[in-house]
Amino acid sequence: MSHIIYPGSFDPITNGHVDVIQRLKKNFDKVTVLVASTPQKKSLFSIDERKKLIEDIFDGKNGIEVDVWDGLLIDYLEKRKCFLVGKGLRSVRDFEYEMDMAYTNQALNKKVDTFFVLTQPNLGFISSTLVKEVASFGGDISKFVPASVAKSIQKKFK
Ligand code: PNS
């Protein structure tokens, strides 16, 4: 069974992430969406809230699971015995950052390989950071995130 791990901070998950998950699922039997900690980033949602938001979107979808990890990604990959990492690329700006992460993970464990999926052009401008900024000023984020996520963000800013 083919299995890929899609790690990210997902604070919160956006329509761009949803698209990448669906496209990874078309190509792999199992996709683990891994909410990983990024200590240098201040987050709006706790790691468990982010996990729940993703689970609610993919509830009942076979072959998509959500997990959390507070540690190095390579240690999670070793624990799961799965060394394929999936990442979405929105533009060349992402590419430079993602390339460094992919090489770092591979330098830490040479079994690790990273597969990149290009985000659909109409979703490529969406970022969790901008969604939060728009929402913090009461702007309409309904085009950028699933409805359940929009509701949860709006609650945070009330
Ligand atoms: O959504 P992001 O910010 O692109 O996700 C980055 C993430 C969570 C994938 C990355 O920071 C990560 O892998 N964190 C776990 C800790 C780790 O292994 N850091 C070294 C990565 S080379």
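The values are calculated or read from the model by the stated rules, or taken from the named source; none is laboratory data. Keep in mind it's a predicted model, so treat the numbers as computed, not measured. Cβ placement follows ideal geometry from the backbone for every residue including glycine, while neighbour counts extend to all protein chains displayed. Calculation scope for accessible area: heavy atoms of the full protein, side chains included, ligands and nucleic acids excluded. Shrake-Rupley method; radii C 1.70, N 1.55, O 1.52, S 1.80 Å.
Table for the structure above
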| read-out | value |
| --- | --- |
| Given LYS79/LYS111; LYS52/LYS132; LYS41/LYS110; LYS87/LYS155, the pairs whose alpha carbons are separated by over 20 Å | LYS41/LYS110; LYS87/LYS155 |
| CD proxy at 222 nm, helix term only [per DSSP H run n ≥ 4: -39500 (n - 2.57); per residue of the chain; nearest 500] | -13500 deg cm²/dmol |
| Average accessible area per residue (Å²) across the chain - probe 1.4 Å, nucleic acids and ligands excluded | 58 |
| Gain on full stretching of the segment that runs from ASN122 to PHE157 - 0.36 nm per residue minus C-alpha separation | 9.9 nm |
| Measure of compaction for the range 1-157 (Cα Rg per 2.2 N^0.38 Å) | 1.01 |
| Using a Förster distance of 41 Å, the FRET efficiency for VAL134-LYS81 (Cβ separation, nearest 0.05) | 0.50 |
| For the range 119-125, Karplus couplings with θ = phi - 60° (6.51, -1.76, 1.60), whole Hz, Gly/Pro x | 5, 4, x, 6, 10, x, 8 |
| Trypsin sites (Lys or Arg not before Pro) lying in DSSP loop within the range 18-76, provided at most 13 other Cβ fall within 10 Å | LYS41, LYS42, LYS61 |
| The range 97-145 shape via C-alpha gyration tensor axes, a/c threshold 1.5 | prolate |
| Candidates per trypsin sites (Lys or Arg not before Pro) in the range 90-122, loop by DSSP, up to 14 other Cβ within 10 Å | LYS110, LYS111 |
